[in-house]
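Asks: First the structure, which I've put down as structure tokens, then a few questions once you've had a look.
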Amino acid sequence: MWIRPLPLLLCTVALLTGCAVLAPAPLSAPARQALLPADVLLLGEQHDAGQHQQWERATVQWLAHRGQLAALVMEMAEAGRSTQGLAPGASEAAVQSALGWSDAAWPWAAYGPVAMAAVRAGVPVLGGNLPRQALKAAMADAALDAQLPAAARARQLEAVRDGHCGLLPEEMLPGMVRVQIARDLQLARTAAAAHRPGQVVLVVAGFGHVQRGLGVPQHLPGDLVSKVAIAQAGKAPKAIKNEADWVEETAPLPTHDACADLRRQWPAQAAKP
């Protein structure tokens, strides 16, 4: 997840339609040319943009119908969780249990259709996020600082600061950047382990995780071909376009002051000079 102006380490949501046999092709011909072939295809979303989860579901269905989908890796479930072994007809409750799904963090009504599209196609869904119990250790692990070039790490730190509306104490920022790096490393390891020659591992995550210069692509093995597609609600800024092989522009979201929400949730931090 890209650190957003929301409660610390929390995220949000949505979904899509599409024929159970063959959904409308989610990728235009130019998009397919830009993104395929690939060993790992990373889809970056804005968690509060419902059209982005619709795009993800359609992409799962399209790749699975073509027999090209090796696995679906989701930021929304922890590493070590998997639907491997479940039948294509498994119930949604069984899939949620297998993935250890947290509906409070990631509403199943939004992301369930993405996961179930893979399950129904007989494709395993793999949790890719850093387990919650590993967060504290990651924050204190200075060795993670060396996993990104200095300039990229500085960009991550600025993104964490801005994403929390400048309300985080400065001394917390390095640890928060380490958590972001640790999550990217975990997603990369999960995707690499799922690689199958001639097929695509699809990674679904917040757009901050998939950016080529900052996120998961930095940590994938050099012998795997990775491609990045980022969905952007409204006009995509140049900075986003520079981080992706393809940008999928969707309808703008309603104007919303998320920083005002965060200031109400963290009044003590907001009151500091």
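The values are calculated or read from the model by the stated rules, or taken from the named source; none is laboratory data. Everything numeric here is computed off the predicted structure, so don't read it as measured data. A quick note on method: Cβ atoms are made from the backbone with ideal geometry, for glycine too, and the neighbour counts reach across all protein chains shown. Please note that ligands, DNA and RNA were not included when accessible areas were found on the heavy atoms of the full protein model with its side chains. Shrake-Rupley method; radii C 1.70, N 1.55, O 1.52, S 1.80 Å.
Asks: Taking only Cα atoms, what is the 0 to 90° angle, nearest 10, from helix 108-120's long axis to the longest principal axis of the chain?
Replies: So the inclination is approximately 30 degrees.
Asks: About the Cα centre of region 52-137, how large is the charge dipole given +1 on each Lys and Arg Cβ and -1 on each Asp and Glu Cβ? Please answer in debye to the nearest 20.
Replies: It works out to roughly 120 debye.
Asks: Return a whole-number percent for the relative contact order of the chain, with Cα pairs under 8 Å and 6 or more residues apart as the contact set.
Replies: Taking the mean separation of contacting Cα pairs over the length of the chain, I get 30 percent.
Asks: Sticking with this structure for a sec: By its C-alpha gyration tensor, with a ≥ b ≥ c as the square roots of the eigenvalues, how is region 43-87 shaped: rounded for a/c under 1.5, else prolate for a/b larger than b/c, else oblate?
Replies: Oblate.
Asks: Given the rule -39500 (n - 2.57) for each run of at least 4 DSSP H residues, summed and divided by the residues of the chain, what is its mean residue ellipticity at 222 nm, to the nearest 500 deg cm²/dmol?
Replies: Result for the chain: -11000 deg cm²/dmol, rounded to the nearest 500.
Asks: How tilted is helix 50-65 with respect to the longest principal axis of the chain? Cα atoms for both, answer in degrees (0 to 90, nearest 10).
Replies: Long axis of 50-65 versus the principal axis of the chain: about 30 degrees.
Asks: Still on this structure: For region 113-177, with every protein chain kept in place, what is the accessible area per residue (1.4 Å probe, Å²)?
Replies: 44 Å²
Asks: Okay, moving on. With springs only between Cα atoms under 10 Å, which of ARG263, ARG120, ARG132 fluctuates most in a Gaussian network model of the chain?
Replies: Maximum among the listed residues: ARG132.
Asks: Related question: What distance in nm separates the simple spin-label points at ARG120 and GLU171, each placed 7 Å from Cα in the Cβ direction?
Replies: About 5.2 nm separates the two model spin labels.
Asks: Taking the Cα centre as origin and putting +1 on Lys and Arg beta-carbons and -1 on Asp and Glu beta-carbons, what dipole magnitude results for region 161-254, to the nearest 20 debye?
Replies: Once rounded to the nearest 20, the dipole reads 160 debye.
Asks: Right, here's the next one. Any idea what angle helix 173-193 forms with the longest principal axis of the chain, computed on alpha-carbon atoms, 0 to 90 degrees, nearest 10?
Replies: 10 degrees
Asks: Gap in Å between the Cα centre of region 42-72 and the Cα centre of region 200-242?
Replies: That distance is 14 Å.
Asks: Please give the charge dipole size of the chain, origin at the Cα centre, charges +1 on K and R Cβ atoms and -1 on D and E Cβ atoms. Round to the nearest 20 debye.
Replies: 140 debye
Asks: Please report the antiparallel percentage of DSSP beta bridges with both residues in the chain, rounded to the nearest 5.
Replies: DSSP beta bridges in the chain are roughly 5 percent antiparallel.
Asks: Can you tell which of PRO37, VAL201, GLY122 lies farthest toward the positive end of the dipole of the chain, using +1 and -1 charges on the Cβ of basic and acidic side chains (Lys, Arg; Asp, Glu)?
Replies: My answer, from the dipole projection, is PRO37.
Asks: Still on this structure: Once you order the gyration tensor axes a ≥ b ≥ c over the Cα atoms, which shape class does region 72-186 get: rounded for a/c under 1.5, otherwise prolate or oblate by comparing a/b with b/c?
Replies: Taking the square roots of the gyration eigenvalues as a ≥ b ≥ c, region 72-186 is prolate.
Asks: Can you check how the C-alpha radius of gyration of the chain compares to 2.2 N^0.38 Å, as a plain ratio?
Replies: Compactness ratio reported: 0.97.
Asks: With labels modelled as points extended 7 Å from the Cα through the Cβ direction, what inter-label distance (nm, one decimal) is found for ALA137 paired with GLN84?
Replies: If labels sit at ALA137 and GLN84, their model points lie 2.1 nm apart.
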